[in-house]
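Nothing in this text is a laboratory measurement; each read-out follows from the coordinates by a stated rule. Since the model is a prediction, treat every value here as computed from it, not as a measurement. Cβ sites come from the backbone with ideal geometry, for glycine too, and all protein chains shown count toward neighbours.
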Amino acid sequence: MLTKEISKTLKFGAVTILSVALMATPLSAQADETAPVAVCANTSLNGYYGFTIQGTLAVPGGTVQNGGGLPIRGLAMTHFDGNGNLTQVDHGVVNGMPQPPNWTPGYGTYTVNADCTGTAVINTASNPGGPLKLHLLVTKHGQEVQQVVDVNAVTALGEKLN
């Protein structure tokens, strides 16, 4: 019997504390929680960004999960024009072996959504599988870009160059 009374008291106390906390919060602060955290667009990416690339490339007939992948490390210099177009050069080392040519040129398009998420497509002569499709996040007010390649366990982190 005493346990039921304690339980009821605790529940009432928790509800009361929550109600007081909500009433004490200004309405403008409550409304801000539903507002977008950031507003981005294609113009959020404008200029040169240096990327570090790392991850695992899936190999034909295998998956990264069953050990059918090769480690990759690389660098890229990407220019975003602020209008949805990009150009870049990159260099990768796959399974400890530098990949020719020394710097591979590429070009493509990108889209940045209002919530700072986005996508990109990069075309390079060295990718026999066709264009690379990426998902990206624009962070730090456009000073940083995080990317993941859709078909591999490869990520890239880019910082805007001043």
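Structural remarks
- Label sites at ASN162 and VAL89, each approximated as a point 7 angstrom past Cα along Cα to Cβ, lie 2.4 nm apart.
- Relative contact order (%) - criterion: Cα under 8 Å, at least six apart; region: the stretch 70-135: 23
- Förster-model FRET efficiency, 22 Å R0, THR111 and LEU75, C-beta, rounded to 0.05: 0.35
- At an R0 of 30 angstrom, the distance between the Cβ atoms of MET97 and LYS133 translates into a FRET efficiency of 0.75.
- Summing charges over neighbours of PRO98, with a neighbour being any other residue whose Cβ is under 13 Å away from its Cβ, gives 0 when K and R count +1 and D and E count -1.
- Seen from LEU161, the other residues with C-beta closer than 14 Å to its C-beta sum to a net charge of 0, counting Lys and Arg as +1 and Asp and Glu as -1.
- Percent RCO, i.e. relative contact order, over the stretch 42-160, from Cα pairs under 8 Å lying at least 6 residues apart: 25
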